[in-house]
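S.K.: Have a look at the structure that comes next, please.
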Ligand code: SF4
């Protein structure tokens, strides 16, 4: 059974269209509702309740989170069935601590195995990549359960970014918070391959294998490089990994 079905919701998507997407609870354990506008829609609670009544056991909200500063609103979402929050942090997101604290207020609420699972998604950008360790340290003060560092700013090259990721990941290990990366291939993550989220879960980036992949020991567990990235930067920075003690461990982990 696949873990989560992704449902994208903007300000204008009709409710019935969202509802029509909720027909496969048997093949998905949960739903992740993605979109900054969801929490501002008048029918937000109705959407969450509809997911719940459609039979999905788990509901995750992925949002920039500003509206989640309102404690009453967070409680309503929890009452409606939301158990997991993934807060997407923008560079201008100044209310991080308040959002996280509001959700943490409800820790242990109601259900025996319930603790609002709180994850942060941080975009690695041209402007922040040299300070990504500091950004992670700041978010760790908010008692998050997991941090995803995702790469989608193609104004900077992946190989320029990766030297700064080790500090961020090590900081997480010291504090026992899982830090994972997204959209950076295994060949650029020497020694930190287990932190590449794509080996564990499906995503929706469109990728392709490049010249180096043919001889790479990770080829069966790596889908290659995002197509748009290769159009901008080519594939010269990716080198086949010819030998790795991790290669066998990486196969078959994805769900
Ligand atoms: S398969 Fe290609 S992109 Fe993936 S790790 Fe190997 S060389 Fe890098």
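S.K.: Would you call residue 168 away from the ligand (no atom under 16 Å from the Cβ), in contact (Cβ under 8 Å) with a residue 24 or more places away in the chain and either in a helix (DSSP H, G or I) or surrounded by fewer than 19 Cβ atoms within 10 Å (Cβ to Cβ) (or both)?
M.R.: So residue 168 fits the description; yes.
Table: residues versus (1) over 17 Å from residue 99 (Cα atoms); (2) in contact (Cβ under 8 Å) with a residue 12 or more places away in the chain; (3) surrounded by fewer than 17 Cβ atoms within 10 Å (Cβ to Cβ).
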| position | (1), (2), (3) |
| --- | --- |
| 20 | yes, no, yes |
| 26 | yes, yes, yes |
| 29 | yes, yes, yes |
| 53 | yes, no, yes |
| 58 | yes, yes, no |
| 68 | no, yes, no |
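S.K.: Identify all residues within the stretch 23-44 that are at pLDDT 90 or above and more than 21 Å from residue 88 (Cβ to Cβ); write none if there are none.
M.R.: 42, 43 - these are the residues of the stretch 23-44 that are at pLDDT 90 or above and more than 21 Å from residue 88 (Cβ to Cβ).
S.K.: Quick check, is residue 147 closer than 22 Å to residue 32 by Cα, touching a strand residue (DSSP E or B) at 6+ places or on another chain (Cβ under 7 Å) and modelled with pLDDT of 90 or more?
M.R.: yes
Matching residues to (1) at negative phi; (2) within 7 Å of the ligand (Cβ to nearest atom); (3) not in a loop (DSSP other than H, G, I, E, B):
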position: 212; (1), (2), (3): yes, yes, yes
position: 218; (1), (2), (3): yes, yes, no
position: 223; (1), (2), (3): yes, no, no
position: 228; (1), (2), (3): yes, no, yes
position: 231; (1), (2), (3): yes, no, yes
position: 238; (1), (2), (3): yes, yes, no
position: 242; (1), (2), (3): yes, no, no
position: 245; (1), (2), (3): yes, no, no
position: 249; (1), (2), (3): yes, no, yes
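S.K.: Return yes when residue 161 is in contact with a strand residue (DSSP E or B) (Cβ under 7 Å, 6 or more places away or on another chain), more than 16 Å from the ligand (Cβ to nearest atom) and farther than 20 Å from residue 34 by Cβ and no when it is not.
M.R.: It is false that residue 161 is in contact with a strand residue (DSSP E or B) (Cβ under 7 Å, 6 or more places away or on another chain), more than 16 Å from the ligand (Cβ to nearest atom) and farther than 20 Å from residue 34 by Cβ.
S.K.: Does residue 118 satisfy the condition of being surrounded by 18 or more Cβ atoms within 10 Å (Cβ to Cβ), touching a strand residue (DSSP E or B) at 6+ places or on another chain (Cβ under 8 Å) and modelled with pLDDT under 90?
M.R.: Judged against the criteria, residue 118 is a match.
S.K.: Would you please list the contacts, defined by Cβ atoms under 9 Å and residues six or more apart or on different chains, that run from a residue in the stretch 198-223 that is over 19 Å from residue 237 (Cβ atoms) and in contact (Cβ under 8 Å) with a residue 40 or more places away in the chain to a residue that is assigned to a helix (DSSP H, G or I) and within 10 Å of the ligand (Cβ to nearest atom)?
M.R.: From the stretch 198-223, the pairs are 199/186; 199/193; 199/250.
S.K.: Just give me the residues in the stretch 52-62 being in contact with a helix residue (DSSP H, G or I) (Cβ under 9 Å, 6 or more places away or on another chain) and closer than 14 Å to residue 21 by Cβ, in sequence order.
M.R.: Across the stretch 52-62, the qualifying residues are 54, 59.
S.K.: Among (1) within 16 Å of the chain's Cα centre (by Cα); (2) in a helix (DSSP H, G or I), where does residue 68 come up short?
M.R.: Answer for residue 68: the failing condition is (1).
S.K.: If you go through the stretch 144-152 one residue at a time, do you hit one that is within 16 Å of the ligand (Cβ to nearest atom), closer than 19 Å to residue 89 by Cα and not in a helix (DSSP H, G or I)?
M.R.: Checked the stretch 144-152: at least one residue is within 16 Å of the ligand (Cβ to nearest atom), closer than 19 Å to residue 89 by Cα and not in a helix (DSSP H, G or I).
S.K.: Further question: Looking at the stretch 171-199, which of its residues are away from the ligand (no atom under 15 Å from the Cβ) and touching a helix residue (DSSP H, G or I) at 6+ places or on another chain (Cβ under 9 Å)?
M.R.: The answer is 171, 172, 175, 177, 178, 179, 180.
S.K.: Give the stretch 48-65 a look and list any residue that's part of a helix (DSSP H, G or I) and in contact with a strand residue (DSSP E or B) (Cβ under 7 Å, 6 or more places away or on another chain), or say none.
M.R.: 48, 51, 52
The values are calculated or read from the model by the stated rules, or taken from the named source; none is laboratory data. Computed from a predicted structure; not experimentally measured. Heads up, the Cβs are rebuilt from the backbone with ideal geometry, glycines too, and the neighbour counts pull from every protein chain shown.
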